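See below for the structure under consideration.
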Amino acid sequence: MCGIVGILGTGDKAKELIDGLSLLEYRGYDSAGICVLKDDKLVLFKKKGKIKGLQRLVGRRDLSAMVGIGHTRWATHGEPSDRNSHPHTDCSNSIAVVHNGIIENYLELKQGLIDRGHKFVSETDTEVIAHLLEENYKGDIYKALKETVKVLEGAYALAVVTKDENNRIVAARKGSPLVMGIADDKVIFASDITPILMFTKKVVYLDDGDVVDVSGVAPSIRIENGSREKAVEISEIDWDISQAQRCGHPHFMLKEIHEQPGVINKLYKLHIRGSDVVFPELSHMDVSGLKKIYIVGCGTAYHAGLVGKYVIERFAGIPVEVDVASEWRYRDIVVEDEALCIAISQSGETADTLAAVEKFRKEGVKVLAVCNVVGSSLTRAADAVILTHAGIEISVASTKAYTAQLVIMYLLAFFLAQKRGKGIDSYIADMSDIYSAVNQVIEQKNELQRLAHHHHHFGSFLYLGRNLDYPTALEGALKLKEISYIPAEGYPAGEMKHGPIALIDEYRAVVCIATDSFVYEKMYSNIEEIKARKGKIIILATSGNSHIGQEFKEVIYLPKINEVFSPILNIIPLQLFAYYVAVARGCDVDQPRNLAKSVTVE
Ligand code: AGP
């Protein structure tokens, strides 16, 4: 959580840092701050609340300078307040630091520093770093940082400046993301590549343990890891800054929902050759004899994993176990032979997913990352990587990354099936219908807006689905609760009678996924049971299903596709419904309360 930016190079630092932080605001938004080295003094602005508040505080001040650092916060230690906002400084306001992560031994370090006379002004774990830097500083901030990180336990991405060394910025990472961008006349540090894209497409993905020194007007760069000097390896990225703009949409979430057909098409074109599924990414991995697959992920990525289980078992016949990464990491797993772990993550920085991956690797299980962010920690920890190519996803509520993960799950299932000599040609052909079907559903957005308008006052929702649509029920409910704050629960419809049916009355809204499927009749019986108990029913059905419309008022009809692909299509109306309910309730759709896009702490 939290986003950090650090920039060395001439320019209006207020604008550069605030623009950069705005692109990282999805990572945390309860307070923000910047520090600029101006006229040999550290000038700080910190403000509780969103970046707009910080922007107002800075106003039109001239902050043209060579170096500056900035931070947008998701509070861990200490409530959101001006005082607890970063950057944090040492006793004499000579050194300033921004930090993403958690210093686990900060209490012990803080006590030692207090005993040695340091004065603390915040309740944060981060402030100890500023005071440790002060103790270690002997005229060289890089040396001071290398000494300081030796005593830090936990996770950190840090950027540091000092008033005593103009034209210098130093940084370090361990367990929290940090990328360095290299433009002609600037070096930029950031928690992800989006702020870097404002200046350059040339990036250096930093590794855990890297400590970086950038200094000089024509900046020179030094990276050390342990006591070893490292080469600066530059990669070129193909993302574009326009992807991080709303482009006329009122919210990123709506924009990202609209981008889904394009993402589906792109993945299809990348991985289908005639009637073959290709994954050059797996060429160095022998997957033909796999006997077991473990899938891990969190939140939405976990739901994609559940769909993965259904389709891999169905098409490839390989047993699959799925769990949320936060549970996997503490389970006593009994790993089977010839196994593969598939770790799914949009950001590639989710702490629990990374920890689960580490555990699998220690057990000797190879890891395949299904990830959206190239160069992220997950992609570098894995043995093989399949990118989801959804482009930058800014909205905290994941939409296009989810559909991309689903498409990869299907393609992977087909790929594994082909490796085992199973015929799936007709499915590959049918998969090409999804693009236009998803487009058609997005065109129905006015109808979903109307539906949301009529239901946004409900106090709770139940989402029901069976088989492949059970994960869709979970994901639909997650979308609604995270952006509208309405309690919503996803359930396998067959479990209704084992408890949840007690919840049904005229005040309960129940979203029933009843598109064409071999379990349609079963689902229909469940719907009748809810009707008999006066639940307020909303149905997703397949167009051409005339009888359901005669009996129920609120039916959203979806185009007919091969029912195997229903998870990809059926989630679209549920995303739009959640979006419009949140808008109707006046919620902050892209930045829901208490959440952050990347959960980089446990
Ligand atoms: C999705 O809408 C959520 N915001 C959240 O559940 C998310 O999917 C989860 O935190 C996992 O993130 P990741 O895909 O970046 O690992």
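Exactly one residue among 109, 42 is surrounded by 15 or more Cβ atoms within 10 Å (Cβ to Cβ), among the hydrophobic types (A, V, I, L, M, F, W, C) and in contact with a helix residue (DSSP H, G or I) (Cβ under 6 Å, 6 or more places away or on another chain), and that residue is 109. The single residue among 506, 482, 443 that is surrounded by fewer than 18 Cβ atoms within 10 Å (Cβ to Cβ) and farther than 17 Å from residue 558 by Cβ turns out to be 506. The residues on offer are 459, 423, 465, and the sole one that is away from the ligand (no atom under 16 Å from the Cβ) and without any contact (Cβ under 8 Å) to a residue 24 or more places away in the chain is 423. Might you check whether a residue that is at pLDDT below 95, farther than 30 Å from residue 99 by Cβ and away from the ligand (no atom under 16 Å from the Cβ) occurs anywhere in the stretch 576-593? No: zero hits. The residues listed here are 390, 404, 381, 397; of these, the one that is among the aliphatic types (A, V, I, L, M), touching a residue at least 24 places away in the same chain (Cβ under 8 Å), more than 8 Å from the ligand (Cβ to nearest atom) and more than 29 Å from residue 289 (Cβ to Cβ) is 390.
In the stretch 544-565 there is at least one residue that is in contact with a helix residue (DSSP H, G or I) (Cβ under 6 Å, 6 or more places away or on another chain) and within 22 Å of residue 301 (Cα to Cα). Summed over the stretch 144-155, the residues that are touching a strand residue (DSSP E or B) at 6+ places or on another chain (Cβ under 9 Å) and part of a helix (DSSP H, G or I) give a count of 5.
Conditions (1) in contact (Cβ under 8 Å) with a residue 60 or more places away in the chain; (2) within 29 Å of the chain's Cα centre (by Cα); (3) part of a helix (DSSP H, G or I), marked per residue:
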site: 16; (1), (2), (3): yes, yes, yes
site: 26; (1), (2), (3): yes, yes, yes
site: 37; (1), (2), (3): yes, no, no
site: 47; (1), (2), (3): no, yes, no
site: 57; (1), (2), (3): no, no, yes
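Scanning the stretch 220-231 for residues that are part of a loop (DSSP other than H, G, I, E, B) and surrounded by 13 or more Cβ atoms within 10 Å (Cβ to Cβ) yields nothing. Considered as a group, the residues in the stretch 298-335 that are basic (Lys, Arg) and at pLDDT below 95 include one that is nearest to residue 404 (Cα to Cα), and that residue is 329. Touching a strand residue (DSSP E or B) at 6+ places or on another chain (Cβ under 6 Å) and assigned to a helix (DSSP H, G or I): is that true of residue 523 in this structure? Yes, satisfied.
The values are calculated or read from the model by the stated rules, or taken from the named source; none is laboratory data. Treat the numbers as computed from the prediction; the structure is a model and nothing was measured. Methodologically, a virtual Cβ is constructed for each residue, glycine included, from the backbone with ideal geometry; neighbour enumeration extends over all protein chains shown.
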